[in-house]
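What follows is a short report on a single structure.
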Amino acid sequence: MFKDLKKIGKAVLVVKNGKNECCAKLGESLQITADARNLREVLECLADLGFDFAILKGFDLEVEGLEKGMGVKIPKATKLEHILKAPEIETLKSVVEKVKKDALDCGAVGIFIGVARAISEGKKVKMLEYEAYQELLAEKVAELENNVKRFPGIRNAKLFHKLGVVMPGEDIVYIAVAGQHRKDIWAPLILAVELMKTELPIWKKEIFENGARWV
């Protein structure tokens, strides 16, 4: 199955060794080794390096924590179609690289980054939790991206919104818009930010030291 996966994208096997470390072999002389508790950071690093797929082996307990932290279900890699439906992990770099891909006459990329506040209406934020209507989310994201790409001069658009737990200061949202010229990108980028807030089936829970609320 791993060989089949490599035929359709850049794939890597991440295994847990006897030292409670996760190891990702990237080539004959290069690998990533980190504490297994930092599995999400390893996956984000792999996204930065341009990997499309990561197969996890031996991480049962860590995957449970990763699912809770990401707010998504990570499927068992029993069939190729299950893997293709697995949730994405993106970083700012991976989003920008994807929006630039095949945009050969692109001369500008506009970026929006949504960040988790440490203070909200005078209250100290402990963490944020994001939930989504998973069955509809991918469709709505694609619809938003297509609306942006209809603008004159726009060559591509990409949006990624984190789910699950987000800590103060961490990034929440990445939106990237690629256009022929810098003047082309601002209006569609602003539209994408506004549509993200009103059209995506995502809900935010702010958790404070003395309570919580849904926003």
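No lab work stands behind these numbers, since they all come straight from the coordinates. It should be emphasised that the depicted structure is a prediction, and the values quoted were computed from it without experimental measurement. Ideal geometry is used to build each Cβ from the backbone, glycine not excepted, and the neighbour counts take in all protein chains shown.
Residue separation times 0.36 nm, minus the C-alpha to C-alpha distance between A212 and A77: what's the value? Display every interim value, and only then the final one.
Values: separation 135, 0.36 × 135 = 48.60 nm, distance 3.62 nm.
Extra length available between A212 and A77 comes to 45.0 nm.
Classify region 2-84: rounded, prolate or oblate, from the alpha-carbon gyration tensor (a ≥ b ≥ c, eigenvalue square roots; a/c under 1.5 rounded; otherwise prolate if a/b is larger than b/c)?
Since a/c reaches 1.5 but b/c is at least a/b, the shape of region 2-84 is classed as oblate.
Going by how many other beta carbons lie within 10 Å of each one, how would you line up F59, F208, fewest first?
Working: F59 17, F208 14.
Ordered from fewest to most neighbouring Cβ atoms within 10 Å, F59, F208 come out as F208, F59.
Expressed as a whole percent, how much of the Cα-Cα distance distribution for the chain exceeds 29 Å?
Details: 7459 of 23005 pairs.
Beyond 29 Å sits 32 percent of the P(r) for the chain.
Rounded, prolate or oblate: which fits region 92-214, taking a ≥ b ≥ c as square roots of the Cα gyration tensor eigenvalues, rounded meaning a/c under 1.5, else prolate when a/b beats b/c?
Details: a/c = 2.55, a/b = 2.00, b/c = 1.27.
It comes out prolate by the Cα gyration axes.
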